[in-house]
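What follows is a short report on a single structure.
The values are calculated or read from the model by the stated rules, or taken from the named source; none is laboratory data. Since we're looking at a predicted model, the values are computed, not measured. Using ideal geometry, Cβ is built from the backbone for each residue, glycine included, and neighbour counts are taken over all protein chains shown.
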Amino acid sequence: MTQLLKRVARFYYEGFTEMKLGKTLWLVVLVKLFVMFAVIRLFFMPDVLSQKAPDGDKADYVSSQIIGKSDINDDD
């Protein structure tokens, strides 16, 4: 079993070291992921929790929102 894992690891290691175009494509993928998750988040996803909840009461605000939403859906 360990021999198989070593062979698989060596296969992937040699594949990544021999790549020419693949390294460039991986760089493009990583840059796109960075743009999607870091840059877009800064501009289009405001920190609503810090705006709605006063300092130190974030947990209370979240729990009141969860409890309030669950009360609406109860059919008892």
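Miscellaneous remarks
- Spans of helices (runs of 4 or more DSSP H) in the chain with at least 1 residues polar (S, T, N, Q) and at pLDDT below 90: 2-18, 21-34, 48-52, 58-73
- Residues that are surrounded by 10 or more Cβ atoms within 10 Å (Cβ to Cβ) and not small (Gly, Ala, Ser) within segment 38-53 comprise Val39, Ile40, Arg41, Pro46, Leu49, Lys52, listed in sequence order.
- Residue match in segment 29-46 (condition: free of Cβ contacts under 8 Å to residues at least 12 places away in the same chain and at positive phi): no
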